[in-house]
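The numbers here are math on the coordinates, done by the rules we state, and not lab data. If you're wondering where the values come from, they're calculated on a predicted model, not measured in any experiment. Cβ atoms come from the backbone with ideal geometry, glycine included; neighbour counts cover every protein chain shown.
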Amino acid sequence: MLKDTRRRPRPVSATQHSPEVLHQRKKLPICPAKAAIGGFAFVAVIGYLTLYSKKKPEATALDVAKVGSGTATPKNTRPQH
């Protein structure tokens, strides 16, 4: 038997580069504004949970929220006797 020495033609995509940069999609699957709002909310929740986990036993959840938002006063941050 004779071995077939002919080469198969390569697909066009394998031999030539696409004109698009890194083959990116033209449209994102989600609106960038929604992604930014979602990211901000995610970071806020993580920050709140971090502060809540480190709070003193006499502090309430509302005190933690006030400290996290920057609206706390010394009355909210000092233990009440």
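Rg over Rh for region 30-81 works out to 1.15, both radii taken from alpha-carbon positions and Rh defined as the Kirkwood radius. For the pair residue 55 and residue 26, a Förster radius of 35 Å applied to the C-beta separation gives a FRET efficiency near 0.15, rounded to the nearest 0.05.
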